[in-house]
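The values are calculated or read from the model by the stated rules, or taken from the named source; none is laboratory data. Note that this is a predicted model, so its numbers are computed, not measured. A quick note on method: Cβ atoms are made from the backbone with ideal geometry, for glycine too, and the neighbour counts reach across all protein chains shown.
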Amino acid sequence: MTTRIDRNALAARIAADIEDGAIVNLGIGAPTLVAEHLPEGAEIILHTENGMLGMGAAPRPGALDPDLINAGKQAVTTVAGASFFHHADSFAMMRGGHLDLCVLGAYQVSQEGDLANWSTGGEGSIPSVGGAMDLAIGAKRVVVMTDLLTRSGESKLVAECAYPLTGVGCVSRVYTDHAVFDVTPEGFAVVETFGDTTVDELRALTGLALTDATTGTAPAAEQTLERSAG
């Protein structure tokens, strides 16, 4: 039986990996939870595509400012030194390689690092690409926060995306409620599991030939570190 962690625990896990001094965009939906778990004292600057640099966490009860929202129209706060700017300038930051990290949600991620997160192509679905394509290609590093399985039990990690792509070969790591996966030249490598989850169980859930890099000695783990450093 696999072990799942909840979204707040997963957000905290992602926050722990963000380097001090990084400029980070948190995608709409679950990734916004990362803002609530940033290490105390760390200088991590949050960017939101609707025109703010220096975004803070959600406001305390009774302290909401209706003029301060993120790209998902959620109420946020500012930190000391925050700045506001035109939407076009915000997209120039995104497209120009000025963001160190972007955390996005996903419908599917392929073992080549392709991302599909704006449309399932289903009948009656409302496509909502927003700035995801700009972020996926413009950020220096893109990671995904998502459940491993859909509500119907299908894996979101796939050999090849069946949905319209947001970006090609852009994802370097996927954080899921079951485990953390790196994208390597050999496909997905499991770098961390949660609770009692095993790599064999993850292989059964995804239908993929996953590399076990949880010991830190597999060649895939070394290649991933080299790729991230580059």
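Inspect the range 137-158 for any residue being among the small types (Gly, Ala, Ser), buried (at least 22 other Cβ atoms within 10 Å of the Cβ), at pLDDT 95 or above and not in a strand (DSSP E or B) and give the result as yes or no.
To start, the set of residues in the range 137-158 that are among the small types (Gly, Ala, Ser) comprises 138-139, 152-153, 155.
Still in the list and also buried (at least 22 other Cβ atoms within 10 Å of the Cβ): 138-139.
Now narrow it down to the ones that are at pLDDT 95 or above: 138-139.
From what's left, not in a strand (DSSP E or B): 138-139.
So far as the range 137-158 goes, yes, one or more of its residues are among the small types (Gly, Ala, Ser), buried (at least 22 other Cβ atoms within 10 Å of the Cβ), at pLDDT 95 or above and not in a strand (DSSP E or B).
Does Phe84 fit the bill of being on the phi < 0 side of the Ramachandran plot, of a type in the set (Phe, Trp, Tyr) and in contact with a Gly (Cβ under 6 Å, 6 or more places away or on another chain)?
yes
For residues that are of a type in the set (A, V, I, L, M, F, W, C) and surrounded by 15 or more Cβ atoms within 10 Å (Cβ to Cβ), scanning just the range 1-16, find the one that is farthest from the chain's Cα centre (by Cα).
First pass over the range 1-16, keeping only residues of a type in the set (A, V, I, L, M, F, W, C): 1, 5, 9-12, 14-16.
Filter once more, keeping what is surrounded by 15 or more Cβ atoms within 10 Å (Cβ to Cβ): 5, 10-12, 14-15.
Values: Ile5: 16, Leu10: 11, Ala11: 9, Ala12: 12, Ile14: 8, Ala15: 11 Å.
Result: Ile5.
If a residue must be over 23 Å from Leu208 (Cα atoms) and not polar (S, T, N, Q), how many such residues does the range 106-137 contain?
16
Could you tell me which of the residues Ala22, Ala11, Ala35, Ala42 is aliphatic (A, V, I, L, M) and in contact with a helix residue (DSSP H, G or I) (Cβ under 7 Å, 6 or more places away or on another chain)?
None of the other options fit; the residue is Ala11.
Just checking: which of the strands (runs of 3 or more DSSP E) contained wholly in the range 165-209 hold 1 or more residues that are more than 16 Å from the chain's Cα centre (by Cα), within 16 Å of Ser155 (Cβ to Cβ) and not small (Gly, Ala, Ser)?
187-193
Scan the range 139-171 residue by residue and report those that are of a type in the set (S, T, N, Q) and in contact with a helix residue (DSSP H, G or I) (Cβ under 8 Å, 6 or more places away or on another chain). Write out each step before concluding.
First pass over the range 139-171, keeping only residues of a type in the set (S, T, N, Q): 146, 150, 152, 155, 166.
Correct list: Thr146, Ser155, Thr166.
Just checking, does the range 51-74 include any residue being within 20 Å of the chain's Cα centre (by Cα), in a loop (DSSP other than H, G, I, E, B), closer than 27 Å to Ala189 by Cα and at pLDDT below 95?
Within the range 51-74, none of the residues are within 20 Å of the chain's Cα centre (by Cα), in a loop (DSSP other than H, G, I, E, B), closer than 27 Å to Ala189 by Cα and at pLDDT below 95.
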